1. If the Cβ limit is 6 Å and pairs must be 6+ apart or interchain, which residue in region 20-34 that is closer than 13 Å to Ala112 by Cβ pairs with which residue that is hydrophobic (A, V, I, L, M, F, W, C)?
2. Residues of region 55-67 being assigned to a loop (DSSP other than H, G, I, E, B) and either surrounded by fewer than 17 Cβ atoms within 10 Å (Cβ to Cβ) or in contact with a Leu (Cβ under 9 Å, 6 or more places away or on another chain) (or both), which ones?
3. Here is a check on your reading of the model: is Phe19 at pLDDT 85 or above and in contact with a Phe, Trp or Tyr (Cβ under 9 Å, 6 or more places away or on another chain)?
4. Against the definition (modelled with pLDDT of 85 or more, of a type outside the set (A, V, I, L, M) and under 30 Å from Gln101 (Cβ atoms)), how does Pro85 come out, yes or no?
Amino acid sequence: MADLRRVSAPMKDKDASFFKALGERIAQARKDAGLTQAVLAERLGVPQQTYAHYEVGRARIPASLLPELAEMFDVSVDELLTGEPAGRRPGKRGPVSRLQQQVDAICLLPKAKQRVVSEVLDAMLAQHAS
């Protein structure tokens, strides 16, 4: 009888490095959100071991899971795929402004610290408006 188990082809080097980097970004986002691999795997409906393979780049993350992951982590799919915060304008020429660098750095902070920065900015803007 033939072995009908699913056999996946090995990844090309370029694919392997992409999925490893994607997995690292997803692992960091999960940790920033305070979630465990087991909890996230359950929410996604995949075995925990499969999810663990996604985070280390040993398995390809299905594209269909990316919007769900992005929503769970409150980031864009683009940010998961590229590591670049949403809102960057790739067509804009010239050096990145200091303000844009700060915004990009804030986007990389854990969500709790982002909220603190947001509250400080809200207070300053409210004070300036009055």
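1. Once the first residue is closer than 13 Å to Ala112 by Cβ and sits in region 20-34, its partners that are hydrophobic (A, V, I, L, M, F, W, C) give Ala33/Phe73.
2. Gly57, Arg58, Arg60, Ile61, Pro62
3. yes
4. It is false that Pro85 is modelled with pLDDT of 85 or more, of a type outside the set (A, V, I, L, M) and under 30 Å from Gln101 (Cβ atoms).
Matching residues to (1) of a type in the set (S, T, N, Q); (2) part of a loop (DSSP other than H, G, I, E, B); (3) touching an Asp or Glu at 6+ places or on another chain (Cβ under 8 Å):
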position	(1), (2), (3)
Lys20	no, no, no
Glu24	no, no, yes
Leu35	no, yes, no
Val46	no, yes, no
His53	no, no, no
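The values are calculated or read from the model by the stated rules, or taken from the named source; none is laboratory data. Since we're looking at a predicted model, the values are computed, not measured. Note that we place each Cβ from the backbone using ideal geometry, even for glycine, and neighbour counts take in every protein chain shown.
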